[in-house]
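To start, the structure under review is shown below, and the notes come after it.
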Amino acid sequence: RAAPTQELKQGLEIVREYTDAKGHVVTTAKLGDELDVHVKIRATEVDSVGNIAIIDLLPGGFEPVLQPPKVAEEAAEGEGDHTAPATPTWQSPIGTSGSTWAPEYADVRDDRVVIYGTATRNVQEFVYRVRATNAGTFVVPPAYGESMYDRTVQALSLGGKISVERK
């Protein structure tokens, strides 16, 4: 019922921040504004932890902004190229070019973003965008991560609050 007051770091660490277009950490936004969500992850006890799931519940009043996949360069070159097409790779429907971590899969829902991949000792960052859709003050639930096959590896970030004002 109450938000956690301490982070949990058991073999994995997660830090999440909301920033504006200029990269400043924010706790308030205007209705209709888009914010970047920075989810930073790293393994803390081994060089690499595979098969992790990061669950980032969105605060009420926000929705994820989907980014259409980039068009393959081969398709953009025209009809004169008769080479066999390369096997298409999966591309995340969410995420910005500022990301240093490429998830193996992302499940985007109305109230959460779930990303799957491998964490290493180096801090890696996944950045995606959300839009403020309702005015008010909202609880920011903590982001949670866990190894899907080793339940002893888990992490919980701190939550917080964010306010959305009418324009």
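The values are calculated or read from the model by the stated rules, or taken from the named source; none is laboratory data. Predicted model, so just to flag it, every value in this text is computed and none were measured. Please note: Cβ atoms are built from the backbone with ideal geometry, for glycine as well, and neighbour counts cover all protein chains shown. When the accessible area is computed, the model is the full protein with side chains, heavy atoms only, and any ligands, DNA or RNA have been set aside. Shrake-Rupley method; radii C 1.70, N 1.55, O 1.52, S 1.80 Å.
Among the residues of segment 151-158, are any more than 20 Å from Asn51 (Cα to Cα) and in contact (Cβ under 8 Å) with a residue 12 or more places away in the chain?
Within segment 151-158, the first condition is being more than 20 Å from Asn51 (Cα to Cα), and the residues that meet it are 158.
Within this subset, residues satisfying the condition of being in contact (Cβ under 8 Å) with a residue 12 or more places away in the chain are 158.
Yes, the conditions are met somewhere in segment 151-158.
Of all residues in segment 34-46, which are open to solvent by 50 Å² or more (accessible area, probe 1.4 Å), over 30 Å from Lys167 (Cβ atoms) and assigned to a strand (DSSP E or B)? Quick ask: steps written out before the conclusion?
Within segment 34-46, the subset open to solvent by 50 Å² or more (accessible area, probe 1.4 Å) is 34, 40, 42, 45-46.
Still in the running and over 30 Å from Lys167 (Cβ atoms): 40, 42, 45-46.
Listed by number, the residues that qualify are Lys40, Arg42.
Looking only at residues in segment 47-79 that are in a loop (DSSP other than H, G, I, E, B) and open to solvent by 70 Å² or more (accessible area, probe 1.4 Å), which one is modelled with the highest pLDDT?
Asp47
In segment 104-167, which strands (runs of 3 or more DSSP E) lie fully inside it and hold 3 or more residues that are under 16 Å from Lys40 (Cα atoms)? Lay out the reasoning, then the answer.
On the way: elements: 105-108, 112-120, 124-132, 136-140, 144-147, 154-156, 160-165.
Hits in segment 104-167: 112-120, 124-132, 144-147, 154-156.
Filtering segment 110-167 down to residues that are among the acidic types (Asp, Glu) and under 16 Å from Val37 (Cβ atoms), which residue is surrounded by the most Cβ atoms within 10 Å (Cβ to Cβ)?
In the first step, residues of segment 110-167 are kept if they are among the acidic types (Asp, Glu); the result is 110-111, 125, 146, 150, 165.
Filter once more, keeping what is under 16 Å from Val37 (Cβ atoms): 110-111, 125.
Details: Asp110: 8, Asp111: 12, Glu125: 15.
The qualifying residue surrounded by the most Cβ atoms within 10 Å (Cβ to Cβ) is Glu125.
Return the pair list, or none, for Cβ contacts closer than 8 Å from residues in segment 1-23 that are under 20 Å from Arg112 (Cα atoms) and in a loop (DSSP other than H, G, I, E, B) to residues that are of a type outside the set (S, T, N, Q) and open to solvent by 70 Å² or more (accessible area, probe 1.4 Å), at least 6 apart or on different chains.
The qualifying pairs are Ala3/Val139; Pro4/Leu158; Glu7/Leu158.
Residues being of a type in the set (S, T, N, Q), farther than 16 Å from Val130 by Cβ and surrounded by 12 or more Cβ atoms within 10 Å (Cβ to Cβ): count how many of those fall in segment 1-33. So that I can check it myself, show each step before the final result.
Just the residues of segment 1-33 that are of a type in the set (S, T, N, Q), to begin with: 5-6, 10, 19, 27-28.
Restricting the remaining residues to those that are farther than 16 Å from Val130 by Cβ gives 5-6, 10.
Applying the additional criterion that residues be surrounded by 12 or more Cβ atoms within 10 Å (Cβ to Cβ) yields 10.
Residues in segment 1-33 being of a type in the set (S, T, N, Q), farther than 16 Å from Val130 by Cβ and surrounded by 12 or more Cβ atoms within 10 Å (Cβ to Cβ): 1 in total.
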